[in-house]
Amino acid sequence: IEENLAQMAEILQLEDALIRQQVNDALQSPFIQILHNKIILKVEHVNQQPIAIRRRLLKTILESLSPVKNGFSFVHVTSADELLQKADSGKRIDLPCGIEVRREYQDLILERKNESSQKMEYEYTLNIPGSTYIAERKLVIRTAMMTTENIDFKSPGKVYLDLDRIQQPLLIRTRRDGDWFQPLGMTGRQKIKTFFINRKIPRVDRDQLMLLADNISVIWIENMHLNDRVRITAETKNVLKLEISGS
């Protein structure tokens with residue numbers, strides 16, 4: 001018995017060293033992105049790994065995100081692996097030590113949650129004309145009224161709206177349930193939630209995006225889209241310019 005146990009220990013030690021090396025190689029691949037408090041795995045690539053490598057990889061990542069070693073059991077690792085294998089986008093699980101594992105389209109994200117990653121909520125009424133400081137984003141939004149002759153669509157950080165089509169007040173805020181807008185070039189309305197899903201915007205990012213809304217609907221989505229109702233046309237006479245910059 002003692003001889004057999006010694007042989008088994010030697011075999012397991014060699015096999016463990018091989019698995020550790022393969023996991024280390026996987027962590028160096030371009031399909032795994034290591035960020036502060038967050039690691040992103042490309043699902044298609046990781047699912048090609050043998051199950052033993054895949055599970056050891058998940059356990060290694062979980063322990064790297066946690067101050068407590070050996071704090072994750074077989075159940076925790078297999079639950080994370082199930083999100084890799086067959087979960088729909090948006091599915092998530094909470095694990096010990098404040099670790100969240102979630103599926104976002106073709107990515108699996110393992111993240112240690114903290115205050116900065118909690119849902120961001122704010123609302124500010126824009127000063128027109130004038131400046132408004134968005135403390136949560138450390139941004140300043142400056143507004144000015146102008147005519148179409150001075151528009152420069154190529155200038156970054158600037159948004160131009162038909163002032164006469166806006167129903168004031170104008171609010172800069174995060175999204176709310178039921179938000180909708182009229183996509184540029186379309187006649188019908190679309191829910192903001194549907195727009196984000198169609199664009200494959202990760203759920204955690206949807207709560208960080210700035211929205212500009214008037215008394216009718218959302219009229220601008222940060223870095224993405226403008227409401228057709230307030231676009232500049234040949235009939236536009238009065239223009240509202242928004243200029244966004246760091247504080």
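Here, each number is a calculation from the coordinates, and none is a lab measurement. All values reported here derive from a predicted model rather than from experimental measurement. Because the Cβ atoms are built from the backbone with ideal geometry, glycine has one as well, and the counts that use them run over all protein chains shown.
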Using C-alpha positions alone, give me the convex hull volume of segment 35-119 per residue in cubic angstrom.
90 Å³
Just the projected area, averaged over all directions, of the convex hull on the alpha carbon atoms of the chain: how many nm²?
17.2 nm²
Rounded to a whole number, the Stokes-Einstein D of segment 153-247 in µm²/s (Kirkwood radius over Cα pairs; 4 °C; 1.567 mPa s) is 93 µm²/s
Gain on full stretching of the segment that runs from Glu44 to Glu149 - 0.36 nm per residue minus C-alpha separation
32.8 nm
Computed over the Cα atoms, what is the radius of gyration of segment 6-52 divided by 2.2 N^0.38 Å, N being its residue count?
1.45
Taking 157-167, 9-19 and ranking on average Cβ neighbours within 10 Å, highest first, one gets 157-167, 9-19
Using the Kirkwood radius over C-alpha pairs as Rh, can you work out the diffusion coefficient of segment 17-163 via Stokes-Einstein at 20 °C, viscosity 1.002 mPa s, in µm² per second?
116 µm²/s
